[in-house]
Amino acid sequence: MTDFTMTTDTDGIATITWDVPEKSMNVMSLVGFAELDGLIDAALADAGVKGIILTSGKKDFAGGMDLNVIARMREEGGAEGIFDGVMRMHQILRKIERAGMDPKTLKGGKPIVAALPGTALGIGLELPLSCHRIIAADNARAKIGLPEIMVGIFPGAGGTTRLVRKLGAMMAAPFLLEGKLSDPKGAKAGGIIDEVVPAGELLARAKEWVLNAKDADLVKPWDAKGYKMPGGAPYHPAGFMTFVGASAMVHGKTMGVYPAAKALLSAVYEGALVPFDTALKIEARWFTSVLMNPSSTAMIRSLFINKEALEKGANRPEAPDQTVRKVGIIGAGMMGAGIAYVSANAGIEVVLIDAAQDAADRGKAYSESILDKGISRRKVTPEKKAEVLGRITATTDYTALAGCDLIVEAVFEDMKVKADVTAKVEAVVGPDCIFATNTSTLPISDLAKASARPDQFIGIHFFSPVDKMLLVEIIRGKETGDRAVAKALDYVRQIRKTPIVVNDARFFYANRCIIPYINEGIRMVAEGVAPALVENAAKLVGMPLGPLQLVDETSIDLGVKIAKATKLAMGDTYPDGAVDTVLFAMADQGRLGKKANAGFYSYDEAGKRQGLWEGLEAQYPAADVQPDLSSVQQRLLMAQVLEAVRALEEGVLTDIREGDVGAVLGWGFAPWSGGPFGWLDIIGAARAVEICDALAASHGARFAAPALLRDMAAKGQQFYTRFAQQPKAA
Amino acid sequence: MTEAYIYDAVRTPRGKGRPDGALHELTSVALSANILNAVKDRNGLQGHAVEDVIWGNVTQVGEQGGCLARSAVLLSELDQSIPGLAINRFCASGMEAVNLAANQIRGGAGHAYIAGGVEMMGRVAMGSDGAAIAVDPSLAMKTYFVPQGISADIIATQYGFTRDQADALAVESQRRAAEAWAAGRFANSVVPVRDRNGLTILDHDEYMRPGTDMQALGALKASFKDMGEVMPGFDKIALMKYPHLERIEHIHHAGNSSGIVDGAAAVLIGNAEFGRAHGLKPRARIRATAKIGTDPTIMLTGPVPVTEKILKDSGMSISDIDLFEVNEAFASVVLRFMQAFDVDPAKVNPNGGSIAMGHPLGATGAIIIGTLLDELERTGKGTGLATLCIASGMGAATIIERV
């Protein structure tokens, strides 16, 4: 069985069909590339072949490169191995592009057309870009684009160089720098592909084009004499402004922490100044440097490989299929309403309960508002809206819960209230129903005491806003059984989010790490560190929000509430008195955060954030000598990372992949690092211990290196080797 | 060590650097030749009288390209045995030409030089020579590149200068320049530009706006706010480099930044023997020269460290300096200089500066050395320091002493 096969018809048209055995989607491997190379050679050498159609035997063209191939190239050959491998790819694609034509006269080549039945991503588009024409089937579900940047690399098989020369730097930027994907019509409008035809006519049209193609149709603009880059090359007056702006925008947007965006832009700039083949070599060198950068390894690992593994149930216990058919959601506040929407949108029947009918109705109306927004953006049809809303029953009547196989309780964070709900629910649902609580602060094992079936009681912690956030944290209480975990995982899979499963402990995993991050930021303000430095330092290390902005968003009174509860639980060992001084004072002044239009930041009447609150400087004057940027960053990062390590040490986390994926998706932990454990592997345990020792000496025991980290430093270990997971069949 | 002396310093009047500016009809080479001829005529230079012409110029493309110095020599009435060296240290090119000449003389390489520069900003647009630091992503990101106007606004933000302070400095520059012209203080140095028929093209600095007041400046829109805050968002880059700042205050505009003008200047520098041989009297000794590199993002703070360096190198202190010329590239540059050294504003740019009269990039460094010398002579003072901020984060300075 091979990935590529070729047949030649009586008109001399060779059709090369990509159809990787035993996969639903084509991905490119080194073996596949070699096969393709051989077939192209054969077709070009065969005098009976007039032209070539390159297409797919599947409903889609291709999903991209097999990222494991890249990992293997790096492991086996280092930089040289990658560079040589990439240059071989360039040679093959360049051979397709020149198609046997005389390099001087540009005549005598054989037309090669890419016929795309569906999705074409990454190398699945770079390969067509080397062909002479790209025709796509009119398939609205198809996605066409170059999403490499999303996992920390960039299109490195000529896609960068070809697209920039085809569209110009400005027009190519959204596809390269943002990984923008389009449907075939959008791709045609954007200039990436040449033609969209009805699906049934794809191959016929491709053949027609090949039969009618003239020599000039095969010559790429950049191979023709007098080529000028659309929009201007870097030292053309218009191009100059584009490139000046591009550097600034990319730098500002990436805060300088994502090597791929920088490398991409450098490849574009340097490539624009030289002939095409030299540009490919430049692209290969930058691409190699990105693949050799530990950040790209970490990003691919967390954002692609491990995210997918977790979504496919890497940590799902053995249990029969637990697909949810009817979910009962108790509490129609912001969280409950959001959970109702994502559930109904995934085709699950929803009963949305609140104590008052109008509250329940308001919860359902939230779904309507999201769907209306979708209609106005033409992402949702009115039929689809009716269908989704039709699945939601908003009521006060608990008996409506009969037949539910999953309950998600999202009522007020109060043990007593939650216990009452648990009892009321269990009185009406069937014996197999799983009960999940969406708490963010209360221990699952304590809440489970109110349940008659604690083995069917579990925590499912959603993040706000539910429809936007990608992560769901599943919490296994002391008595939670495997079927409950499987149920939660199957449910999360249905609503197309990424799950992590953690054990029950204070604040579970995500909040456990976020709270110290916020606290460290506030503590610095109390110490006289300029608040702007705190916020900027966070962003410069890749955090999406500075700690002060984050606490404004989540609300300062919630912070006060958590602090009080934590203090009560910890007694004398409570370490955050300095933080509370600031936090409580803010709350006392009515500065409760964004919702109050007043917090660490000022807001205008419309609630738009203006700048840091001026009163802050008066109450906590900035010290004359400010700490350097890196020490502020170390404090902010270590505050989170050490909690992750402790969570692992204590068995709250059982899989570092979940620790990393959860951190990046849950609270945006420096995605360039792949997550807290990815970051520790990048800097090394020994360096991490050094930082901890220094921070502990100057800022206190909260930075003391955990024993696990010290042990790893002593042994020179990496997290992803010490805690390597054996791949489980997904 | 051989001493280097200034024997003469001349400049053209500065024309508006626009198509309707008075000097716009002249080529860069012609304006250069014009001022070189003035030096030749005023000092009776014949044959291989000087070792070289070192000519500062920033935008060395088109008519300013191709070793403009050599072209200028050949178009002038100087002897063809005098070669010509075109140099570029951005805004300090004219000063660097003087410093290079002085240091070669001090080192024994030749008896005399003509050093100066030219910039026809209305004919060869600033930036039209390209600049990797702005456009090459590897370099732009490594250096946190922002345009100069943003850098000037970073200085204002970092050191706490307000729009009012900047505008007040601009108003004072205009007032002093107008007063200096009215009193004829530039008469000895400004050589009117004449056409081939001897008809005057320009005999005064035409960029000046005498009578400019706070109210007039208050109406001007900040020039760099949009590029900083909106497209492409340079403030974000500035804050990445200066993360303790929350935002950049945009205080600079056309009225408190240097003017875009055409102009040229030349300084005749030689050793003592040259003076004796030509019957010329030295006016001042070039006591010290210095240059330095600084952070390229804030870019324009160079006058402070380069002044510290030149004082240290020459064993002097700030109180030894009687008068200062600090190029008014942007108001905040001068405000920062005065703040750092706590000098009396009356001693800094006493006859106005580039905000009032304009800043012909390649020439300004030579212009301010001449202006400084004139004022030392007029006031009977001894020692002066001239300094400029420089693109990409540099600074240059010269100390002169009357003899």
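Annotation: of all residues in segment B:2-30 being among the hydrophobic types (A, V, I, L, M, F, W, C) and out of contact with any Gly (no Cβ under 8 Å at 6 or more places or on another chain), the one that is nearest to B:S258 (Cα to Cα) is B:L26. Scanning segment A:354-383 for residues that are in a helix (DSSP H, G or I) and within 26 Å of the chain's Cα centre (by Cα) yields a count of 10.
Any chance segment A:291-313 includes a residue that's on the phi > 0 side of the Ramachandran plot, in contact (Cβ under 8 Å) with a residue 60 or more places away in the chain and away from every other protein chain (no Cβ under 14 Å)? Let's see the steps before the verdict.
Step one: list which residues in segment A:291-313 are on the phi > 0 side of the Ramachandran plot, which gives A:313.
From what's left, in contact (Cβ under 8 Å) with a residue 60 or more places away in the chain: A:313.
Remaining after also requiring away from every other protein chain (no Cβ under 14 Å): A:313.
Scanning segment A:291-313, I find at least one residue that is on the phi > 0 side of the Ramachandran plot, in contact (Cβ under 8 Å) with a residue 60 or more places away in the chain and away from every other protein chain (no Cβ under 14 Å), so the answer is yes.
Of all residues in segment A:10-51, those that are surrounded by fewer than 14 Cβ atoms within 10 Å (Cβ to Cβ) and either in contact (Cβ under 8 Å) with a residue 60 or more places away in the chain or polar (S, T, N, Q) (or both) total 3. Could you count how many residues in segment A:255-269 are closer than 18 Å to B:P243 by Cα and more than 9 Å from every other protein chain (Cβ to nearest Cβ)? Of the residues in segment A:255-269, 1 are closer than 18 Å to B:P243 by Cα and more than 9 Å from every other protein chain (Cβ to nearest Cβ). Among the residues of segment A:232-252, the one identified as of a type in the set (G, A, S), more than 9 Å from every other protein chain (Cβ to nearest Cβ) and either closer than 30 Å to A:N536 by Cα or surrounded by fewer than 18 Cβ atoms within 10 Å (Cβ to Cβ) (or both) is A:A238.
Exactly one residue out of B:A69, B:A38, B:A49 is over 18 Å from the mean Cα position of the chain (by Cα) and part of a helix (DSSP H, G or I): that is B:A38.
Considering segment A:519-546, and only residues there that are within 14 Å of another protein chain (Cβ to nearest Cβ) and within 19 Å of A:Q589 (Cβ to Cβ), the residue that is farthest from the chain's Cα centre (by Cα) turns out to be A:V525.
Does A:S445 satisfy the condition of being under 26 Å from A:P317 (Cβ atoms) and among the hydroxyl-bearing types (S, T, Y)? Spell out how you get there, then give the answer.
Details: under 26 Å from A:P317 (Cβ atoms): yes; among the hydroxyl-bearing types (S, T, Y): yes.
For A:S445, the condition - under 26 Å from A:P317 (Cβ atoms) and among the hydroxyl-bearing types (S, T, Y) - is met.
If you go through segment A:473-496 and keep only what is part of a loop (DSSP other than H, G, I, E, B) and either surrounded by fewer than 21 Cβ atoms within 10 Å (Cβ to Cβ) or not aliphatic (A, V, I, L, M) (or both), you end up with A:G477, A:K478, A:E479, A:T480, A:G481, A:R496.
Residues of segment A:575-612 that are modelled with pLDDT of 95 or more, in contact with a Lys or Arg (Cβ under 7 Å, 6 or more places away or on another chain) and more than 11 Å from every other protein chain (Cβ to nearest Cβ): A:A598, A:G599, A:Y603.
Each row is one residue, and each column tells you yes or no for (1) within 28 Å of A:W672 (Cα to Cα); (2) modelled with pLDDT of 95 or more; (3) of a type in the set (D, E).
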{"position": "A:P221", "(1), (2), (3)": "no, yes, no"}
{"position": "A:P234", "(1), (2), (3)": "no, no, no"}
{"position": "A:A238", "(1), (2), (3)": "no, no, no"}
{"position": "A:T242", "(1), (2), (3)": "yes, no, no"}
{"position": "A:H251", "(1), (2), (3)": "yes, no, no"}
{"position": "A:P275", "(1), (2), (3)": "no, yes, no"}
{"position": "A:E283", "(1), (2), (3)": "yes, yes, yes"}
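Report yes if A:F412 is at pLDDT 95 or above and of a type in the set (F, W, Y), otherwise no. Answer is no for this residue.
Determine if segment B:7-30 includes at least one residue that is farther than 30 Å from B:A254 by Cβ and within 20 Å of the chain's Cα centre (by Cα). Looking for residues that are farther than 30 Å from B:A254 by Cβ and within 20 Å of the chain's Cα centre (by Cα), one finds at least one in segment B:7-30, hence yes. Within segment B:91-114, track down each residue that is surrounded by 24 or more Cβ atoms within 10 Å (Cβ to Cβ) and assigned to a loop (DSSP other than H, G, I, E, B). Scanning segment B:91-114 gives a single hit, B:A92. Note on segment A:108-147: residues that are of a type in the set (D, E, K, R) and at pLDDT below 95 total 1. Of all residues in segment B:290-305, which are crowded, with 24+ Cβ neighbours inside 10 Å and touching a Leu at 6+ places or on another chain (Cβ under 9 Å)? Within segment B:290-305, B:G302, B:P303 qualify. Look at (1) surrounded by fewer than 19 Cβ atoms within 10 Å (Cβ to Cβ); (2) more than 9 Å from every other protein chain (Cβ to nearest Cβ); (3) within 34 Å of the chain's Cα centre (by Cα) and you find that A:D215 fails only one, number (3).
The values are calculated or read from the model by the stated rules, or taken from the named source; none is laboratory data. Here the structure is a predicted model, which means the values were calculated and not measured. Note: ideal-geometry Cβ built from the backbone for every residue, glycine included; neighbour counts use all protein chains shown.
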